[in-house]
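Accompanying notes for the structure given below.
Readers should treat all values here as calculations from the given coordinates under stated rules, not as data from a laboratory. Keep in mind it's a predicted model, so treat the numbers as computed, not measured. Every residue, glycine among them, receives a Cβ derived from its backbone with ideal geometry; neighbour counts consider all protein chains shown.
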Amino acid sequence: MNDTEGRGAGAPAKDDTRTRLIAMGSSALMEGFALIGFETWPEAGEDDVEQVLAELVRRRRRALIFLEPRLARCGGAMLQKVRNQGGRIVITEVPPLQAPGEYHPEVEDLVVSLLGSGALEESA
């Protein structure tokens, strides 16, 4: 583990005014986030996401969180609460390294439902 990992020695500094930069997902993807200074959670599970979000809410912390789709779409109670509240915690998806071309963000479905299937097609 490196010193920016979420588990163990990489606990965030005591400065509660700084925005926490957190990434959760596959080990390979987390290596890149660790290089740019993110607190990383390699091979995180749904329980890890819920635990981190609960702590952030309880401590009223600001955070930018990147999740792989399997975590971003897990449907946990804290995840839904944070997304519905907005504000201090911003959560976004990052495509998985194994299949970036097959990745389709949830917002894509929303755009299609509002504007029709042609809304995302490239014009020639």
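Remark: spin-label model distance SER113-ARG18 equals 3.9 nm, labels positioned 7 Å along the Cα→Cβ axis. Under the simplified labelling scheme, the ARG88-ILE36 pair shows an inter-label distance of 2.5 nm, with each label point 7 Å from Cα along Cα→Cβ. Look at the Cα gyration tensor of region 20-119: its axes a ≥ b ≥ c give a/c of at least 1.5 with a/b at or below b/c, and that counts as oblate. The overall shape of region 26-66, judged from the alpha-carbon gyration tensor, is oblate: a/c is not under 1.5, and a/b is no greater than b/c.
Available extension along the chain between LYS81 and ARG62 is 5.3 nm, counting 0.36 nm per residue and deducting the alpha carbon span.
For GLY76, the amide hydrogen comes within under 5 Å of no other amide hydrogen, counting only partners 5 or more places away or on other chains and with H modelled in the peptide plane. Close amide H contacts of ARG20 (hydrogens built in the peptide plane, cut-off under 5 Å, sequence separation of 5 or more or a different chain): ARG62, ALA63, LEU64. Other residues whose C-beta falls under 10 angstrom from the C-beta of ARG60 contribute a net charge of +4, scoring Lys and Arg +1 and Asp and Glu -1. Computed from the C-beta positions of SER27 and ALA54, the FRET efficiency with R₀ = 22 Å rounds to 0.40.
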